[in-house]
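Every number here is computed from the coordinates shown, using simple stated rules; none is lab data. Being a predicted model, the structure only gives us computed values, none of them experimental. Don't worry about glycine lacking a Cβ; one is built from the backbone with ideal geometry, like all the others, and counts go over all protein chains shown.
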Amino acid sequence: MHLAPGRYIYTDVERALLRRLATRLQSICGEEHVLEHEHDLFTYASDGLLQYSVVPPLAVLPGDGAEVSAVVHACHELGVPWVARGSGSGLSGGALPVEHGLLIVLSRMRRILEVDLDNQRVVVEPGVTNVAVSHAVGPDYFYPPDPSSQIVCSIGGNVSENSGGAHCFKYGFTTNYVTGLEVVLADGEVVQLGGKALEPPGYDLLGAFVGSEGTLGIATRITLRVIPSPEAVRCLVAFFDSVEPAGDAVSAIVAAGTVPGAIEMMDGLSIGASEQMAHAGWPVEAGAALIVELDGPAAELEARFDEIEALCRQSGATELRVARDETERTLFWKMRKSAFPAAGRISPHYFVQDGVVPRTRLTGVLGRIQSLSDEYGLKVANVFHAGDGNLHPLVCYDGHIPGEAERAEELSGRILEACLEAGGSLTGEHGVGVDKKRYMPRMFSEPDLSAFQKLRCAFDPDGLANPGKVMPTPRLCGEVPGPYRVHPLEAAGLAERF
Amino acid sequence: MQRPASAQEVAELLAEGRVTRPVGGRTKLDWGSPGSPAELELSTERLDAVVEHNAGDLTAVLQAGARLADAQAVFARAGQRLALDPPDLGARATIGGVVATSDSGPLRHHYGGVRELVIGVQVALADGTVARAGSRVIKNVAGYDLAKLMCGSFGTLGVICEVIVRLHPQPVDPVTVLAHGADPRELTRAAGTLRRLPLELEALDVRWDRRQGALLAQVAGRAARANAQAIAGQLGDLEVEIVAEDHTLWEDQRARQRAAADEQAVARVSFAPAELERVLRASPSAVARAGAGMAWVSLEPSPEALAALRTAVSPWPCVLLDGPEALRSTVDVWGLAEGPELALMRRVKARFDPGGICNRGRFAGGM
Ligand SMILES: Cc1cc2nc3c(=O)[nH]c(=O)nc-3n(C[C@H](O)[C@H](O)[C@H](O)COP(=O)(O)OP(=O)(O)OC[C@H]3O[C@@H](n4cnc5c(N)ncnc54)[C@H](O)[C@@H]3O)c2cc1C
């Protein structure tokens, strides 16, 4: 790929330090769980965003929370930075290793510790996969946040990215389902944030931790809320000549007061690509497909479903297909979930963006993306969570053509700018990581970033947790500014404290 | 009393370094520990605009001093609402105060608390800067979620100047199933039955008053009547009625979250939902969110009564909300024990407000 990693040359001092750390780790986790050889470490060089790669000098696979704490404590004593890694499916380079640090891989910690359906809670270790949670509580209950990567991605990764999925428009995101966390802080200390009860007294550090991209500590034990599975589910796909009328249909459905379980859009390019993989027999000449899924109490669903069909037709749907059974519904979703992998069939390489726009600005921004695509002469396929305006433009390019990757990257940046200009966000679910940190100043001012840094420094004053991620430029924490100073008024006896 | 007209002016006042107390609608001013007297009272009354109501996007931007009731009236014209219904007897509560105290009402069941509904925040900080976090879109993971940190922080990390909230469509045809019962175990069992069913209830409350109780379940939607019948059929032995005009029922639930007189106390307990029975047994009278696991318990305003409640519901956290000053200055209002979590909170406080000027002493652990 085009961003070939440079090889990091270690100084003797660094080598000696890492060697000392490795010895400590072996006594904590056992020799077989400490990886020091390049051929063992290659697997961990990238996460899901392959254009970045750094082979870590050292990796450890702790077996439980106590081991994680001891490992992090050892790093703290020796001043070695570290990066946590779940399943490595992240799409922003969040789990990209640092050259001079340790990679802490949580994939051995995959026990489901407690299923407490009386209280609708599940307690898991961080390496448990997203789908395993729903399996553990099904079929009566389910865990709503459902990233497309759910078969592989870990709950720890979900917590750290505040992951979303197709059903989040109705059900909310990871942050709305985490009720408790055990966190190992950067000095190795263990804190319990929340538990099975909601809104305990004190600052909502749990809420601040979710979505912190591995920079505030390592979640070693996670309590999740699960909810009863919907009584009934119905799914349809509506085809349109272009994305504009499909966008109108989304607005009409939402304006009618209906909250679909999921409402997802694919443009012509991605329909064509997915059809080659999933073979659902969809009309490849269609300009857009809208998948609308309603779930909930059966009686309510019947009443609402007809309304949705009518609204799609009124907005100009050329064809409507209602999934007749579970097999067909699965096929609709296979089309949607094939979109990323299928992009590989229409282009040798692509960048995925994750910008968000207010729903009412969808049509305008999609038009802007189209004209940017024409301007750069690069195809952009679009598949996205239409209900919450979270776009996933796939910017297609051929990395073998000199300069094309750079142009594709520039185009991606212009798309993000268009999202921000429309009042949206850089990222809806993939996170900032290393990939989007340079765009942070376009969304946030210096005081905003400095407020973020205040939180980070409270958790990790030495900057050892996932350094170089999220913030656009490296920052140090410094000491906490001195204690309370006597105010001049007070000194003059004009104001009394007590 | 200062009445700044912009976030910038709030920040400038904070930069002067005086111990500051933000004031909204004065409906919950005495919540929290009594703390240190303020050198500066800072009213949000001139920050009272509904800055944006983006009906098509179901979002709104509100200045902190905007009254919740006024904002709701604006949203209602578009058939929408902010699904946040804390008790608000004089209709004076401001959005800033509701967010700062993380107050909520029966709709907490389906729509979550303040933390679920606030998607962006603008705060004036002790260092004299104005910072924003979050955004105008409901789905956003760029930067830390400082909005959650501010929710329920009682103004001790900075002054909330503006919030961005997520709205929802007004429900169609709400109706309430009301079931009477005098046995905490039976009420808990009935609540458990409803929690387990995929009903998508708007609200699920329990009321408990000196050995008399009731379960209230609100359903809405095109098929609300049919669903209400189905729910009634699940409640077995309880005496059930279906109430179409249910407004006053819920008003009453909300009112019970506050002390009816100055010489009463109300404490809020958070608990795992299956523990409802134990919480009811420990309470002279209470309203509870049976699904969320939160209860507002009315008790005699004495340190002994509070201590007895805490022992009876242990280990579940119990915060004193309303109560006479004499009580609040003698007990630990927050009941948060020293330990790593409180230590971490102190580190957060120290970074945001090193001089301790924001509502000094009003929060947990003397922060
Ligand atoms: C094909 C595909 C489809 C995807 N679809 C979606 C989607 O629909 N929605 C969505 O939101 N995302 C999606 N993703 C992105 C990705 O799957 C999610 O971000 C996921 O949550 C990452 O989990 P992981 O275990 O792979 O984390 P990793 O990639 O290993 O790590 C991600 C971040 O989490 C940190 N981390 C990991 N574990 C912990 C822990 N225990 N404590 C603290 N920090 C930790 C890491 O340091 C890193 O910063 C998709 C990815 C792929 C490849």
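Amide H contacts for residue B:119 (H built 1.01 Å from N in the peptide plane; partners 5 or more residues away or on another chain; cut-off under 5 Å): B:164, B:165, B:166.
Entry note, chain A: the mean residue ellipticity at 222 nm calculated from DSSP H runs of n ≥ 4, each adding -39500 (n - 2.57), is -11000 deg cm²/dmol after division by the residues and rounding to the nearest 500. Placing +1 on the Cβ of every Lys and Arg and -1 on the Cβ of every Asp and Glu, with no other charges, gives the protein assembly as shown a dipole of roughly 760 debye about its Cα centre. Cα centroid separation, the range A:411-443 to the range A:168-210: 26 Å. I'd like the distance between the alpha-carbon centres of the range B:255-282 and the range A:78-125, rounded to an integer number of Å. Cα centres, the range B:255-282 to the range A:78-125: 38 Å.
Taking the C-alpha atoms only, the angle from helix A:12-29 to the longest principal axis of chain A is near 80 degrees.
Summarising the amide proton neighbourhood of residue A:114: residues at separation of 5 or more, or on other chains, whose placed amide H is nearer than 5 Å comprise A:123. The convex hull drawn around the Cα atoms of the range B:256-328, when projected onto a plane and averaged over every direction, covers 4.1 nm². Measuring max minus min along each principal axis, the C-alpha atoms of the range B:7-169 give extents of 43, 37, 26 Å (largest first).
On C-alpha positions alone, give me the angle between the axis of helix A:326-346 and the longest principal axis of chain A, in degrees, nearest 10. Long axis of A:326-346 versus the principal axis of chain A: about 70 degrees. For chain A, the longest principal axis of the Cα atoms and the long axis of helix A:65-78 meet at an angle of about 60 degrees.
The calculated Kirkwood hydrodynamic radius for chain A is 24.2 Å, given to one decimal from all distinct C-alpha pairs.
Once the convex hull of all Cα atoms in the range A:66-223 is built, its volume per residue stands at 107 Å³. Calculate, in whole percent, how much of the Cα-Cα pair population of the range A:232-340 lies beyond 19 Å. Looking at the range A:232-340, the distances longer than 19 Å represent 38 percent of pairs. The DSSP beta bridges internal to the range A:12-105 are antiparallel in roughly 20% of cases. Given the options A:120, A:274, A:173, identify the residue whose Cα lies farthest towards the positive end of the charge dipole of chain A (+1 on Cβ of Lys, Arg; -1 on Cβ of Asp, Glu). Projecting each Cα onto the dipole axis, the largest value belongs to A:173.
Per-residue Karplus couplings for the range A:285-292, computed as 6.51 cos²θ - 1.76 cosθ + 1.60 with θ equal to phi - 60°, are listed in order as 7, 5, x, 7, 10, 10, 9, 10 Hz, Gly and Pro entered as x. Net charge near residue A:428: determine it from the other residues with C-beta under 10 Å of the C-beta of residue A:428, scoring Lys and Arg +1 and Asp and Glu -1. Computed value for this residue: -2.
In order along the range A:367-372, the phi-based Karplus estimate (6.51 cos²θ - 1.76 cosθ + 1.60, θ = phi - 60°) of 3J(HN,Hα) comes to x, 5, 4, 4, 6, 5 Hz; Gly and Pro are listed as x. Measuring between their Cα centroids, the range B:297-358 and the range A:271-296 lie 55 Å from each other.
The smallest convex shape that holds all Cα atoms of the protein assembly as shown, its convex hull, gives 155 Å³ per residue. Considering the range A:354-478 at the alpha-carbon level, its Rg and Dmax are found to be 16.4, 48 Å. Taking the Cα centre of chain A as reference, the dipole from Cβ charges on Lys and Arg (+1) and Asp and Glu (-1) amounts to some 500 debye. Strictly over 20 Å apart at the Cα level, which of A:436/B:139; A:379/A:469; A:436/A:469 would you flag in this model? Beyond 20 Å between Cα atoms: A:379/A:469. Applying a 4.7 Å Cβ-Cβ cutoff to the protein assembly as shown leaves A:29, A:75, A:153, A:168, A:235, A:312, A:396, A:419, B:151, B:161, B:318, B:358 as cysteine residues with no disulfide-compatible partner. Under Stokes-Einstein, with the Kirkwood radius over Cα pairs as Rh, the value for the range A:12-105 at 4 °C and 1.567 mPa s is 98 µm²/s. Looking at the range B:175-254, the pairs of alpha carbons with a distance over 14 Å make up 57% of the total.
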